[in-house]
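The values are calculated or read from the model by the stated rules, or taken from the named source; none is laboratory data. Quick caveat: nothing in here was measured; it's all calculated off a predicted structure. Every residue, glycine as well, gets a Cβ built from its backbone with ideal geometry; the counts of neighbours run over all protein chains shown.
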Amino acid sequence: MKLFSIIKEIISPTQEYQELVNDIIDQGGEYIGEGDYGAVFLVGDKVMKVTTDSEELEDAQKIKGQKTKYFVHIYDVEVRNPKLGIITMDNLQPYTASPGSIPIEDIYDEADNLGISPDLEGPGGSIKMDNVMQDRNGNIKVIDV
């Protein structure tokens, strides 16, 4: 039954999920993308991510407000329920350097120190490049915690 609930959420979002999305759009949010667990909007100079990933919400709460070397700065985490919330973070740019130059071990070491589990693994053990961005100074930042 749990798998059915997950599939149902992806195919037809709950009313509460849709209300969060509509609230962000009403704030002037511009849709910029989506992933397996939600949608992302640009609101002013910040990104607001509606997510149904409970682990991501927990990890985002752990690093909210902290200055980190390899993770996006998170300004706020609004949890509506354990599987629905909004994460407000820096607006970053796509990573432009070679995937081979990403310091994976250093990123995982920082994640361990922070007590979080970043989502970096793609198919076949590759790096999930959609989750690696850079700030305006070219510093690597992971956006999916």
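Values as computed for the structure displayed
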read-out: Conditions (1) in a loop (DSSP other than H, G, I, E, B); (2) touching a residue at least 12 places away in the same chain (Cβ under 8 Å); (3) not hydrophobic (A, V, I, L, M, F, W, C); number of the one not met by residue 67; value: (2)
read-out: Exclusive hit being in contact with a Phe, Trp or Tyr (Cβ under 8 Å, 6 or more places away or on another chain), surrounded by 15 or more Cβ atoms within 10 Å (Cβ to Cβ) and not hydroxyl-bearing (Ser, Thr, Tyr), set 129, 89; value: 89
read-out: Search result, residues across the stretch 33-50 that are under 19 Å from residue 92 (Cα atoms), modelled with pLDDT under 95 and not small (Gly, Ala, Ser); value: 34
read-out: Filtered residue count, the stretch 48-71, keeping only those that are under 23 Å from residue 106 (Cα atoms), surrounded by 17 or more Cβ atoms within 10 Å (Cβ to Cβ) and among the acidic types (Asp, Glu); value: 3
read-out: In the stretch 1-19, the residues that are out of contact with any Leu (no Cβ under 7 Å at 6 or more places or on another chain) and either of a type in the set (A, V, I, L, M, F, W, C) or modelled with pLDDT of 90 or more (or both); value: 1, 3, 4, 6, 7, 10, 11, 15, 18, 19
read-out: The stretch 90-133, residues that are within 14 Å of the chain's Cα centre (by Cα) and under 17 Å from residue 66 (Cα atoms); value: 90, 91, 92, 116, 117, 118
read-out: Pick from the stretch 115-141, criterion out of contact with any Ser or Thr (no Cβ under 8 Å at 6 or more places or on another chain), part of a strand (DSSP E or B) and touching a residue at least 24 places away in the same chain (Cβ under 8 Å), ranking: nearest to residue 92 (Cα to Cα); value: 133
